[in-house]
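A.B. asks: My questions all concern the structure below.
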Amino acid sequence: MDIILPDWAPNIHPLLVHFPIALLMTAIGMNLLMLIFSKTEGFKYTTAVLYILGAAGTVAAYFSGREAVETVEIPPAANSILGDHADMALLTLLFFLVVAVIYIVLWWKAFKVDNWVLYLVFVLGAGGSVLLMKTGEYGGRMVFEQGVGVKKTVPEETGADIRADLSFTVDEDGSWTWFPGSEGERALREKFSWLSGRLDQLTVLATVDDQFGPVLSLQSGQLAALFVAGDAIRSVQAEATIKLDEFDGTFMIVHHLQDSLNYDFLAISKTAMQLGRFEAGKEKIFQEKPVTPKGWVSIRVVGDGRHFRGYLNRKLVAHGHSGELAPGLVGLRLLGKGTVHLQNLKVLSLPESEG
C-alpha cells in the first residue's frame with residue numbers, strides 16, 4: 001500500500017530520520033543514569049529498549065534514504081556530500097546494530113556482568129554519537145546548503161539557452177561542454193582522441209531539430225568506436241542529450257578512463273540501462289535496469305569515489321558501488337548500427353568527497 005505523504009515531503013526519509021537520533025541520544029543519557037544509579041533495574045532495561053529501537057530506526061532511516069535519492073534532484077555540488085552521507089549512514093547503522101546486539105546479550109544475562117563491562121559499553125555507545133552527528137551534518141548540508149528536496153536546483157534549459165552556445169568549451173577545473181551543432185565533425189576530429197574505431201567510419205551530419213535546433217547525427221552501418229576528450233577528472237558528472245530511435249545498439253558515456261581496456265561506464269540501449277566497469281577488457285555490471293527511451297532523452301552518470309549513479313531524464317535508474325579508479329578521461333562509446341542523434345555532452349568536475 002502506498003504511503004500518503006504530506007505535500008511538503010518529497011519522500012518519507014525526512015519523516016523517519018529524526019526518530020533514531022532522538023532514541024539513540026536518549027539511550028546514551030539513560031545509559032549514564034544506569035551507571036550512576038546502578039541498583040535501579042529499570043534504567044538497565046530502559047537503556048536496552050532504547051538502543052534496540054534506535055538501531056531499528058537507523059535501519060528504516062538508511063533504507064528510506066536510499067529510496068529518497070530516486071525522488072529528488074541532486075545538483076552537481078551535492079554529489080560528494082551525498083556519497084559521504086551514505087557512507088557515514090551505513091557506518092552508523094552497523095555500529096548501533098552491534099551496540100543493540102550487545103544490549104540484547106546483557107538483557108539475556110540479566111545484566112549480571114562485571115561493572116567494567118557496563119562502563120565499556122557506555123563508552124562504546126557514547127562514541128557512536130559522533131557518527132550520528134557526522135551523518136546528520138552531511139544530511140543537513142544537502143538540504144540547507146544545496147537545497148536538495150527543498151527547491152528546484154537545476155534550471156530548465158530553453159531553446160534560446162541551448163542555441164546560444166554551439167561550441168566546445170573547457171573550464172579551469174577540467175569541466176567541459178560540447179554543443180556540436182554545425183561544427184560537430186570538426187570537434188570530433190580536433191577535440192577528441194579516438195581509442196577504437198575511426199571518424200571516417202561515420203557519416204557525420206549537422207541536422208536541424210524542431211526542439212533543439214542544430215544537432216549532430218552520427219550514422220554507421222556497423223560501428224565500435226571509443227573516443228574521449230579533456231583532461232583526467234577524479235569525481236565527475238557527465239550528461240548527454242541523445243535520441244536513439246534510429247540506432248540498434250548501445251550508447252555509452254565512459255568516465256575514469258585509464259586506457260581502452262579500463263574504464264567505468266553508463267550504457268543505454270532501447271531496452272536497458274547499465275552501470276559498470278571494464279577491467280582489463282572484462283565487463284563488470286554494477287546494476288542493470290530495464291528502460292524504454294523514446295525520442296530525445298537526457299542520460300546522466302555520476303562517478304564519485306566508490307559511488308556510481310545513472311539517471312534517465314533526471315530520474316535515478318541505476319546505483320552501484322565499487323573501488324575508486326584513478327582520475328580518468330570522459331567520452332563516448334558507440335556499439336551498433338544506425339543513427340545516433342546528439343544534442344550536447346556536458347562534463348562536470350565535482351567537488352571531491354571528504355571520505
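A.B. asks: Step through the table entries K109/K134; K191/K284; K191/K315; K284/K315, compare each Cα-Cα distance with 27 Å, and write down the pairs that go over it.
C.D. replies: Flagged as over cut-off: K109/K134; K191/K284; K191/K315.
A.B. asks: Which of the listed residues, G149, S182, L244, is farthest toward the dipole's positive end in the chain, when Lys, Arg count +1 and Asp, Glu count -1 at the beta-carbon?
C.D. replies: In the chain, that residue is G149.
A.B. asks: Quick one: if you stick a label point 7 Å off each Cα along the C-beta vector at V143 and E246, how many nm between them?
C.D. replies: 4.9 nm
A.B. asks: Whole number please: convex hull volume per residue of the Cα set in the chain, in Å³?
C.D. replies: Each residue corresponds to 165 Å³ of Cα convex hull volume.
A.B. asks: Could you please report the charge total around F111, scoring K, R as +1 and D, E as -1 over all other residues with beta-carbon less than 13 angstrom from its beta-carbon?
C.D. replies: With Lys, Arg at +1 and Asp, Glu at -1, the net is +2.
A.B. asks: Take Q222 and A60, extend 7 Å from each Cα along the Cα→Cβ direction, and tell me the distance between the two endpoints in nm.
C.D. replies: The modelled label-to-label distance comes out at 5.8 nm.
A.B. asks: Placing +1 at every Lys and Arg Cβ and -1 at every Asp and Glu Cβ, with all other atoms neutral, what dipole size does the chain have around its Cα centre, in debye to the nearest 20?
C.D. replies: Its charge dipole is roughly 1060 debye.
A.B. asks: Okay, next question. Between Y119 and A232, what is the FRET efficiency for a Förster distance of 51 Å, r being their Cβ-Cβ separation, to the nearest 0.05?
C.D. replies: So the FRET efficiency works out to roughly 0.50.
A.B. asks: Which one, V347, V113, G310, is farthest towards the positive end of the dipole of the chain when Lys and Arg carry +1 and Asp and Glu -1 on their Cβ?
C.D. replies: Of the options given, the answer is V113.
A.B. asks: At 0.36 nm per residue, and after removing the present C-alpha to C-alpha distance, how many nm does the segment from L97 to T177 gain when stretched out fully?
C.D. replies: Length difference between fully extended and current span is 24.3 nm.
A.B. asks: Here is a follow-up. Subtracting the Cα-Cα distance from 0.36 nm times the residue separation, let me have the gained length for T40 to L90 in nm, one decimal.
C.D. replies: Taking T40 through L90 to full extension adds about 14.6 nm, to one decimal.
A.B. asks: Let me ask another. Under a Cβ-only charge scheme (Lys and Arg +1, Asp and Glu -1), can you give me the dipole magnitude of the range 159-349 about the Cα centre, in debye to the nearest 20?
C.D. replies: With only Lys, Arg, Asp and Glu charged at Cβ, the dipole is about 580 debye.
A.B. asks: 7 Å from Cα along Cα→Cβ at both L33 and K109: what's the point-to-point distance in nm?
C.D. replies: Taking the simple label geometry, L33 and K109 are separated by 2.4 nm.
A.B. asks: Hey, with R₀ at 45 Å, roughly what FRET efficiency would K315 and Q201 work out to, going by the Cβ-Cβ distance, to 0.05?
C.D. replies: Plugging the Cβ-Cβ distance into 1/(1 + (r/R0)^6) gives 0.85.
A.B. asks: So how tilted is helix 79-108 from the main axis of the chain? Cα-based, degrees 0 to 90, rounded to 10.
C.D. replies: For helix 79-108, the angle is close to 30 degrees.
A.B. asks: Find how much the distance from Q211 to E70 grows on full extension, using 0.36 nm per residue of separation minus their present alpha carbon separation; answer in nm with one decimal.
C.D. replies: Taking 0.36 nm per residue and subtracting the Cα distance, the gain is 48.0 nm.
None of the figures in this text is laboratory data; all of them are computed from the coordinates on show. On a predicted model such as this, the values are computed, not experimentally measured, just so you know. Heads up, the Cβs are rebuilt from the backbone with ideal geometry, glycines too, and the neighbour counts pull from every protein chain shown.
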